[in-house]
Amino acid sequence: MPDVIAYGGDWNPEQWPEETWEQDVALMREAGVNRVSVGVFSWSLLEPAEGGFDFGWFDRVMDLLADNGIAANLATPTASPPPWFGDAYPEALPVDSAGRRLHHGSRQGFCPSSPIYREKALRVTEQVATRYRDHPALALWHVHNEYGCHNARCYCDTSAAAFRAWLRSHYASLEALNDAWGTAFWSQHYGEWAQVLPPRDTPSFANPGQQLDFRRFSSDALVELYIAERDLLRELAPGVPATTNLMAGAHWDMDCWAFAAELDVVSTDHYLIGARAEPHIDLAFAADYARSLNGGRPWLLMEHSTSAVNWQPRNRAKAPGELRRNSLAHLARGADGIMFFQWRASRAGAEKWHSAMLPHAGVDTKVWREVSALGAELAGLAEVAGSRVKADVAILIDHSSVWAQDHPAQPSSELDPVEEAKRWHAALWRAGITCDLAHPEGDLTGYRLVLVPALYLVSDSGAANLEAFVRAGGVTLVGPYSGIVDEHDRVRLGGYPGAWRDLLGVTVEEFFPLDGPIRLASGGSGSVWSEVARATSAKVLDTYATGEPAWTRNAWGDGTAHYLTTRLGDDALAEVIAAVCAEAEVRPPATSPPGVEVVRRSHPDGRSHLFAINHTAEDAVVTTASGESVTVAAGDARVITG
Ligand code: GAL
Ligand code: ZN
């Protein structure tokens, strides 16, 4: 079990003259930094010309870290192939859906299915691994960086061939593929494998099954690249754990569940989105997701920002205290490491306006003072490391379903499954209840309540999994337009939601997307979506003006299954979620005023830490379940040892 909280950020010393490095590590020590990520974007300097390696300067970086007791997440530099790569192998550059080949000059300029990219990436990985496998600074392999951030899908001929190979391994025959994709429609029946293409730009909508499988294939191609590097690292450096930084909750092109299964420890990056009204709730979603991806075990926050980022339309600097609240919120939700992009703010390059631990203005700054104070605070919280968050509630989330619903020909483009999941999560957050995220086919035992905000696509086994959970006594709440199609995006017939008609005791014959709000008998309101439903065995708890059901409850086995046929407004949704929490006997660890986040982390031996984070401008009193009251000042956070 780790006995420290990892603290630090991406260190990119190659951007600076060597004289700066000594100062960097001295300041790192001053700030309590004990971990940095190095080498992430070093490929063009480690291998300046194809096959010609220069590790001298990087040896000095690693030695400096070891001499100062700072551990390294040592990256394989494969996220950004050097210019020579694009020049020598233009066929390995990515191609967009319009057939446009992209150029080198930014990063992730490679086709994920390119054999030559893989060869060159593995060669530099081998060099890094053999050179540093026994280095005292090495703590963790940081494989690549944010797989698929910019090149998640490539439509080139190489990718097309790899896609066909993927399809052949998933479908026993071309006829099975024709059947799964429903190619009798619009005269798309394939007579030869060679006719099958990625969903490149077409006159009208692409085939939904083709689009969905291409997204699965593209995600798998990235997971395979990870596995190739990881396996080489395992072979050359047995026992050193490996990770890659996911973008859980923010970027949906890569199947995080599939990635997580291959990682020795889950790490992720999170950035506040300024356009969100309460970005700290989005942070909580990402953190809960990361913890769930790691099976509840502590995870690593590989990157977040000390202040502004540089890639949103308007990049808001963080308010005083926000950096600390954000960091402690990740810690509260199970992170055993709090790291930033990046250590020293760049002077040049596309990210020179991105905040860092050490700002352009130097150490006499708000950011530096907060960074140093946080380092000291985390050192004092070492006892938190290794403890866990126990959640009674899970929200089901699946990338295939998100991808399938992303097809442009839907009853409404306004029902966004990711935003719905986040809205339901936010309702729990406001109720002070911490939840996990779970895959529809994942293990649901141990939860009391399972929420299904938006799961358009569900496999037969996923459908059965939820039924089994309820039969065994669980409570579920299912949102509209869930359980609609099978794993090939084919409609489940006989009345919607075909997967869960019996479980919910409801049958739906038609969808009615809305162009404005709709009033419910309870006084609440819905918008965007409604359904013409009939309760078969369910009890109707709320209705539209027409008397048709808006909210139903069905007894099933030892549990109950609730269903909503509209997208409830935030207030009405909060009430329904409060009702299902009460029914499932789910309670928050404390009572607290709105805007105050309270989460508990516990060790198996009973030692625990209650984090209370006040995101408001008013002092707040938090009362724990055992009746203890603590005041948390405006904008402050307290960690109560129990
Ligand atoms: C991440 C990336 C970092 C840096 C950061 C800026 O997506 O991994 O390298 O670009 O964003 O916010
Ligand atoms: Zn390609």
Checklist entry - Roughly how many whole Å is it from the C-alpha centroid of the stretch 210-257 to that of the stretch 522-545? => result 42
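Between rounded, prolate and oblate, where does the stretch 536-639 land on the alpha carbon gyration tensor, with a ≥ b ≥ c its root eigenvalues, rounded for a/c under 1.5, else prolate if a/b exceeds b/c? Before the final figure, lay out the partial values.
Details: a/c = 3.95, a/b = 1.89, b/c = 2.09.
It is oblate, given that a/c is not under 1.5 and a/b is not larger than b/c.
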Checklist entry - In what sequence, highest mean first, do 3-14, 93-104 appear when ranked by Cβ atoms within 10 angstrom? => result 3-14, 93-104
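Relative contact order of the stretch 1-101: what whole-number percent is it, with Cα pairs under 8 angstrom and at least 6 residues apart?
Averaging sequence separation for qualifying contacts and normalising by length gives 29 percent for the stretch 1-101.
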Item to check | Rg over Rh [alpha-carbon atoms, Kirkwood Rh] for the stretch 591-641 | outcome: 0.99
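Could you list the square roots of 5 times each eigenvalue of the Cα gyration tensor of the stretch 393-584, that is, the equivalent ellipsoid semi-axes, sorted largest first and rounded to whole Å? Spell out each step's value before the answer.
Values: eigenvalues 86, 76, 58 Å².
Equivalent ellipsoid of the stretch 393-584: 21, 19, 17 Å, largest first.
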Checklist entry - Cross-link partners among lysines for LYS422, C-alpha distance below 21 Å, same-chain residues fewer than 8 apart left out? => result LYS390
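Give the relative contact order (percent, whole number) for the stretch 393-584; include only Cα pairs under 8 Å separated by 6+ residues. Provide the component values of the computation, followed by the final result.
Details: 423 pairs, mean separation 40.1, N = 192.
Computed value for the stretch 393-584: 21 percent relative contact order.
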Next on the checklist: Out of all DSSP beta bridges in the chain, what portion is antiparallel? Express it as a percent rounded to 5.
Outcome noted: 50
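I'd like the FRET efficiency for LEU45 and ARG234, computed as 1/(1 + (r/R0)^6) with the beta carbon distance as r and R0 of 22 Å, rounded to 0.05.
Working: r = 26 Å, r/R0 = 1.19.
E between LEU45 and ARG234, to the nearest 0.05, is 0.25.
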Item to check | Unmatched cysteines, the chain - criterion: no other Cβ of a Cys under 4.7 angstrom | outcome: CYS149, CYS156, CYS256, CYS435, CYS581
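May I have the convex hull volume per residue, in Å³, for the Cα set of the chain? Present the calculation step by step, with values, prior to reporting the outcome.
Working: hull volume 103.1 nm³, N = 642.
Looking at the chain, the number lands at 161 Å³ per residue.
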Checklist entry - Each residue of the stretch 450-455 in order: what ³J(HN,Hα) in whole Hz does its phi give by Karplus 6.51 cos²θ - 1.76 cosθ + 1.60, θ = phi - 60°, with x for Gly and Pro? => result 10, 9, 10, x, 7, 10
Checklist outcome for this item: For the stretch 23-121, the charge dipole (Cβ of Lys, Arg +1; Cβ of Asp, Glu -1; about the Cα centre) points to a positive end, and the Cα of GLY56, PRO115, VAL25 closest to that extreme belongs to PRO115
Checklist entry - When the accessible area of the chain is computed with all protein chains present and a 1.4 Å probe, what percentage of it is carbon and sulfur? => result 51
Checklist entry - ALA258 to VAL621: extension gain in nm, 0.36 nm per residue of separation minus the Cα-Cα distance? => result 126.5 nm
Next on the checklist: Nearest 500 deg cm²/dmol is fine: what mean residue ellipticity at 222 nm does the chain get from its DSSP H runs of n ≥ 4 alone, each adding -39,500 (n - 2.57), divided by its residue count?
Outcome noted: -9500 deg cm²/dmol
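Report the percentage of all Cα-Cα pairs in the stretch 1-86 whose separation exceeds 20 Å, rounded to a whole percent.
36
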Checklist entry - In percent, what relative contact order does the stretch 498-642 have, based on Cα pairs under 8 Å that are 6 or more apart in sequence? => result 15
Checklist outcome for this item: Hull surface over four for the Cα convex hull of the stretch 561-620, reported in nm², is 6.2
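How do the peptides 462-469, 628-635 rank, highest first, by the average count of neighbouring beta carbon atoms within 10 Å per residue? Spell out each step's value before the answer.
Numbers: 462-469: 20.6, 628-635: 14.2.
Going from most to least packed, we get 462-469, 628-635.
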Next on the checklist: Let me understand the stretch 232-359 better: what is its radius of gyration from the alpha carbons, and its Dmax, in angstrom?
Outcome noted: 15.2, 47
Next on the checklist: With every protein chain kept in place and ligands, DNA and RNA left out, what is the accessible area per residue of the chain? Probe 1.4 Å, answer in Å².
Outcome noted: 39
Checklist entry - Which whole-Hz couplings ³J(HN,Hα) result when phi for each residue of the stretch 617-627 is put into the Karplus expression 6.51 cos²θ - 1.76 cosθ + 1.60, θ = phi - 60°, listed in order with x for Gly and Pro? => result 9, 10, 5, 9, 10, 10, 10, 6, 4, 8, x
Next on the checklist: Treating only the Cβ of Lys, Arg, Asp and Glu as charged (+1, +1, -1, -1), what charge dipole size does the stretch 130-256 show about its Cα centre? Round to the nearest 20 debye.
Outcome noted: 200
Checklist outcome for this item: The answer for HIS562, listing residues at least 5 apart or on another chain whose modeled amide H is closer than 5 Å to its amide H, is THR476, LEU477, VAL478, ASN554
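Can you tell me the order of 122-129, 272-279 when each peptide is scored by its average per-residue count of other Cβ atoms within 10 angstrom, highest first? Could the numbers behind the result be given before it?
Values: 122-129: 19.9, 272-279: 13.8.
My ranking of the peptides, most packed first, is 122-129, 272-279.
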Checklist outcome for this item: The alpha-carbon center of the stretch 44-61 and that of the stretch 353-404 are separated, in whole Å, by 32
Checklist outcome for this item: Place a point 7 Å from the Cα of ALA579 in the direction of its beta carbon; the residues of the stretch 546-562 whose amide N falls under 17 Å from it are 546-556, 560-562
Item to check | Centroid-to-centroid separation of the stretch 466-492 and the stretch 85-121 [C-alpha atoms, Å] | outcome: 40
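The values are calculated or read from the model by the stated rules, or taken from the named source; none is laboratory data. Everything quoted here is computed from the prediction, not taken from an experiment. Glycine gets a Cβ as well: all are built from the backbone with ideal geometry, and neighbour counts include every protein chain shown. Quick note on the areas: whole protein, heavy atoms, side chains included, nothing else; ligands and nucleic acids left out. Shrake-Rupley method; radii C 1.70, N 1.55, O 1.52, S 1.80 Å.
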